[in-house]
Amino acid sequence: MRRLDALDWVAIGLLAVGLVFLATGLLPLAQAEATMVRIGPILVFLGAVIVLAELTAEAGVFDAIAIRLTILARGNFVLLFVLCVLFAAITTATLNLDTTAVLLTPVMLAVAARLAIPGAPLAMTTVWLANTASLLLPVSNLTNLLAMNRVALSAPAFAQRMVLPELASVVATAVCLWIFYWRRGRRGMDRYEPPTAPKPADPVLFGICAVACVIFIAGVVAGVELAIVSPVCAAVVVIAFAVRKRGSLRWGLLPWRLLVFVTGLFFVVQTISDLGLAGIMHAVMGGDNGPGGVFRAAGAGAGLSNVLNNLPAYTAGEAVVPVANHNQLLGLLIGTNVGPIVTPWASLATLLWYERCRSAGVKVAWARFVRTGLVTALACLAAATGALVLTG
């Protein structure tokens, strides 16, 4: 019990509240069962992909990529900036936003320490792109999985529909990152000394993990069921570690907090929606599937995300969007994905990112975080929603 931190207690508290709602009848049993049927495969995917990402990081794959990017940039901050944006965006899109927040953040901060360069630009790159680059694939964000099922799109079709909003959001994020954190006047350095490339401690584990990630990404793009491809790839990596590095296998690899948080959150939000939140969301969003309705849905999703959290914002909005309004639902999705970068609690990924920054001794200037996040959220929201409307 002493090892539980604040976020652990938040997750446990949410589940406890949800179970109280269920026990008192505020949440009907039939609705709770339907919720579990819907999110069961999603929980399997989340658990498996986090284990896959954790062990891939343990094998040194992320570290090796990050170091090689700094070598490739040859001391040039402009080129390093472009490579870091691409690295964070691709990691978010192909694995998920929590991988970027939890695993890529300490890697980037370690690289900054090794190169003796400021850590804030790298840290902000991971936290913003963990959210704003999470539109492309169903695996990028939990909300994407929910939306894909609602609009009845396969993974390739979902990616085709969201590719331009994703690109627009990443470009808008990159512009804001450069202006607020990466330009010469902010970072305070002209060049850095490139490091030497390290060798992986266990080349066999390194290779197996890298191949497993590639197979996982290929399976997602090909439309393989997520609840199948993620456990299979994770199992391959777990077996490899059991043979070559058994000591790294521990119960802590299982993301119990995330699974408990998601389950409790769905129970609580469903109950609150029945008690009046759904009516408020309907009044704010309306029922228009045209450009006006899409922008209203995106703005409502982003606003409620920063007040509460992006998961309850999406589920509350989804409950009132007419089934046929696919564009409006995707607008809501954009708002809840790219918008929650203003307040620290707007996204679980941001809270996880802050934990990693605190562990690394990096202080977060929250006033500046909020100011720059607000500008960036508005820019990403306008760019991504505009791209969705233009390609609708």
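Every read-out reported here was derived from the displayed coordinates using simple, explicitly stated rules and does not represent laboratory data. What you see is a predicted model, and the numbers here were worked out from it, not measured in a lab. Here the Cβ positions follow ideal geometry from the backbone for every residue, glycine too, while neighbour counts run over all protein chains shown.
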Cα gyration tensor, the stretch 159-269 - rounded (a/c under 1.5), prolate or oblate: oblate
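How large is the dipole of the chain about the Cα centre if only Lys and Arg carry +1 and Asp and Glu carry -1, each at its Cβ, rounded to the nearest 20 debye?
On the way: 25 positive and 16 negative charges, 239 e Å.
Approximately 1140 debye in magnitude.
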Under the Karplus relation with 6.51, -1.76 and 1.60 and θ = phi - 60°, whole-Hz ³J(HN,Hα) for the stretch 186-194, x at Gly and Pro, equal 9, 7, x, 9, 9, 9, 9, 8, x
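Ignoring everything except DSSP H segments at least 4 long, calculate the 222 nm mean residue ellipticity for the chain; use -39,500 (n - 2.57) per segment, divide by total residues, nearest 500.
Working: 18 runs with 280 residues, N = 392.
Dividing the helical sum by the residues of the chain leaves -23500 deg cm²/dmol.
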Comparing ASP202, ASP63, ASP98 in a Gaussian network model of the chain (Cα, 10 Å), the one with the largest mean-square fluctuation is ASP202
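For ASP5, ASP288, what ranking results if the residue with the fewest other Cβ atoms within 10 Å of its Cβ goes first? If you can, show how the numbers build up before the last one.
On the way: ASP5 9, ASP288 16.
Taking fewest neighbouring Cβ atoms as first place, the list is ASP5, ASP288.
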The stretch 1-160: spread of alpha-carbon positions along the three principal axes, whole Å, largest first, is 62, 46, 25
Is the stretch 94-216 rounded, prolate or oblate when judged by the Cα gyration tensor, a ≥ b ≥ c being the square roots of its eigenvalues, rounded requiring a/c under 1.5 and prolate requiring a/b larger than b/c? oblate
7 Å from Cα along Cα→Cβ at both VAL370 and LEU254: what's the point-to-point distance in nm? 3.9 nm
Which whole-number percent is the relative contact order of the chain (Cα, under 8 Å, 6+ apart)? 24 percent
Per the rule of 0.36 nm per residue minus the C-alpha distance, extending ALA360 to ILE280 adds in nm 24.7 nm
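So how do VAL221, VAL260 line up by other beta-carbon neighbours within 10 Å, fewest first? The partial results should precede the final answer.
Values: VAL221 14, VAL260 20.
In order of increasing Cβ crowding within 10 Å: VAL221, VAL260.
Taking neighbour Cβ counts within 10 Å as the exposure measure, how do GLU193, GLU318 sort from fewest upward? It would help to have the intermediate numbers written out before the result.
On the way: GLU193 9, GLU318 21.
Result, fewest neighbours first: GLU193, GLU318.
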Would you work out if the stretch 41-390 is rounded, prolate or oblate? Take a ≥ b ≥ c from the square roots of the eigenvalues of the alpha-carbon gyration tensor; rounded if a/c is under 1.5, else prolate when a/b is larger than b/c, oblate otherwise. oblate
When the Cα centres of the stretch 1-66 and the stretch 218-239 are compared, how far apart do they sit, in Å? 19 Å
Using the alpha-carbon centroid of each, what span in Å lies between the stretch 68-120 and the stretch 253-300? 32 Å
